[in-house]
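Asks: After the structure tokens below, expect a handful of questions from me.
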Amino acid sequence: MKIGCCVNMVAADDAKIGIDRVETLAALGYDYVELPIAQMMSLDDQAFERLAVRVEKSGIKCEAANNFFSAAQRITGSQPICQKDMEAYIKKALSRAFRLGVKSIVFGSSGAKNVPENFDHSKAWAQIVQLLRVVDDLIGCEDIHIAIEPLNSAESNIVKLTSEGLALAKDVARPSIRLLVDFYHFSMENENLAVIGEAAGYLQHMHIANPAGRVWPKSSDAANYGAFFQSLKTAGYNGRISVEAYSDNFEDDAREALRTLRSAVESAWQR
């Protein structure tokens, strides 16, 4: 299993992308970096190209990207962003993802998809389904997938459970639309690990953090990382998992988390 990091959660650069962290992650031995689409879309073409070149020179690949849409891009509700503008955004976002070599784009985007007050949830669900079908059409035959990320109920009012994310992927029914399981959100919603097995054929990507404070995993944590990885193994998932967590001591936390997760993976796969 490849272990990576969502660097926007620990970004120190002005654009809050986290590009300043890539060299450290490469030196520590992380397998890939996960950069935020919405923040990268705020860069002009020259600045984005400099970012892409920096990633290439860092020695670590950008195999995943999160934050597909910003909160300003309304997906649901009576006044969603117009189709033409949305398609233009998606095309540019995909072109930048392709430039970086991204294989999985995470679709959580709570601010964009949360259902406005008094708006019908079934209509909002249909709007999200339609959006993801448009994304699939624009991806075409490229080797990239969208990973639907169920969030917790403190952050989102739609697609909060793994079972709901799975249902959404099935409703979209397109080859590039799959599912992410985030250990933090999963734990916040007290989900049963059995649902990972039910979603086996749709699993595309994973996120992880210590649910106690959404910080970097450590061997001393009370969280049962071993059972989570055992469920992934049973479901046949052996892809990527990104740490998506806050830190007051990035390098030390990143080093300890990598040891902790590699140990948990090794233990699960030896059983």
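Asks: Can you report the number of residues in segment 145-176 which are outside any strand (DSSP E or B), within 20 Å of residue 240 (Cβ to Cβ) and among the small types (Gly, Ala, Ser)?
Replies: Within segment 145-176, residues that are outside any strand (DSSP E or B), within 20 Å of residue 240 (Cβ to Cβ) and among the small types (Gly, Ala, Ser) number 3.
Asks: Turning to a different aspect of this structure: Among the numbered criteria (1) crowded, with 17+ Cβ neighbours inside 10 Å; (2) under 24 Å from residue 217 (Cα atoms), which single criterion is violated by residue 20?
Replies: Single failed check for residue 20: (1).
Asks: Output the number of residues of segment 1-56 satisfying the condition of being closer than 15 Å to residue 251 by Cβ, of a type in the set (Val, Ile, Thr) and outside any helix (DSSP H, G or I).
Replies: 1
Asks: Let me ask something additional. Checking the conditions here, which among 233, 160 is in contact with a Ser or Thr (Cβ under 6 Å, 6 or more places away or on another chain) and either aliphatic (A, V, I, L, M) or modelled with pLDDT of 95 or more (or both)?
Replies: From the options 233, 160, the qualifying one is 160.
Asks: With the condition kept exactly as written, say whether any residue in segment 207-217 is in contact with a Cys (Cβ under 8 Å, 6 or more places away or on another chain), surrounded by 15 or more Cβ atoms within 10 Å (Cβ to Cβ) and either outside any helix (DSSP H, G or I) or at positive phi (or both).
Replies: Yes, there is a match, as at least one residue in segment 207-217 is in contact with a Cys (Cβ under 8 Å, 6 or more places away or on another chain), surrounded by 15 or more Cβ atoms within 10 Å (Cβ to Cβ) and either outside any helix (DSSP H, G or I) or at positive phi (or both).
Asks: Working carefully through the options 76, 162, find the one that is touching a Lys or Arg at 6+ places or on another chain (Cβ under 7 Å) and either surrounded by fewer than 16 Cβ atoms within 10 Å (Cβ to Cβ) or among the hydroxyl-bearing types (Ser, Thr, Tyr) (or both).
Replies: Sole residue among the options that is touching a Lys or Arg at 6+ places or on another chain (Cβ under 7 Å) and either surrounded by fewer than 16 Cβ atoms within 10 Å (Cβ to Cβ) or among the hydroxyl-bearing types (Ser, Thr, Tyr) (or both): 76.
Asks: A further question follows. Going by the structure shown, is residue 179 at negative phi, surrounded by 17 or more Cβ atoms within 10 Å (Cβ to Cβ), in contact with a helix residue (DSSP H, G or I) (Cβ under 7 Å, 6 or more places away or on another chain) and assigned to a loop (DSSP other than H, G, I, E, B)?
Replies: So residue 179 does not fit the description; no.
Asks: Another question, then. Anything in segment 44-81 that is at positive phi and either over 16 Å from the mean Cα position of the chain (by Cα) or modelled with pLDDT under 95 (or both)? List them, or say none.
Replies: Once the filter is applied, which keeps residues that are at positive phi and either over 16 Å from the mean Cα position of the chain (by Cα) or modelled with pLDDT under 95 (or both), segment 44-81 yields 59, 77.
Asks: Moving on. Please pick out the residue among 75, 81 that is in a loop (DSSP other than H, G, I, E, B) and touching a Phe, Trp or Tyr at 6+ places or on another chain (Cβ under 7 Å).
Replies: Answer to the selection: 75.
Asks: Go through segment 236-252 and give me each residue that's closer than 19 Å to residue 182 by Cα and of a type outside the set (S, T, N, Q).
Replies: Answer for segment 236-252, where residues must be closer than 19 Å to residue 182 by Cα and of a type outside the set (S, T, N, Q): 236, 237, 239, 240, 241, 243, 244, 245, 246.
Asks: Residue by residue through segment 237-271, note down the ones that are in a loop (DSSP other than H, G, I, E, B), within 19 Å of the chain's Cα centre (by Cα) and not charged (D, E, K, R).
Replies: Correct list: 237, 238, 239, 245, 247.
Asks: Only one of these is among the hydroxyl-bearing types (Ser, Thr, Tyr), under 19 Å from residue 70 (Cα atoms) and buried (at least 19 other Cβ atoms within 10 Å of the Cβ): 109, 95. Name it.
Replies: Unique residue meeting the criteria: 109.
Asks: Sticking with this structure for a sec: How many of the residues in segment 185-206 are closer than 29 Å to residue 250 by Cα and in a helix (DSSP H, G or I)?
Replies: 4
Asks: I'd like the full set of residues that are in contact with a Ser or Thr (Cβ under 9 Å, 6 or more places away or on another chain) and either surrounded by fewer than 19 Cβ atoms within 10 Å (Cβ to Cβ) or of a type in the set (Phe, Trp, Tyr) (or both), limited to segment 31-57.
Replies: 32, 41, 42
Asks: Spot the failing condition for residue 222; the list is (1) free of Cβ contacts under 8 Å to residues at least 24 places away in the same chain; (2) small (Gly, Ala, Ser); (3) closer than 27 Å to residue 109 by Cβ, and only one is missed.
Replies: Condition (3) is where residue 222 drops out.
The values are calculated or read from the model by the stated rules, or taken from the named source; none is laboratory data. Treat the numbers as computed from the prediction; the structure is a model and nothing was measured. Cβ: placed from backbone, ideal geometry, glycine included. Neighbour counts: every protein chain shown.
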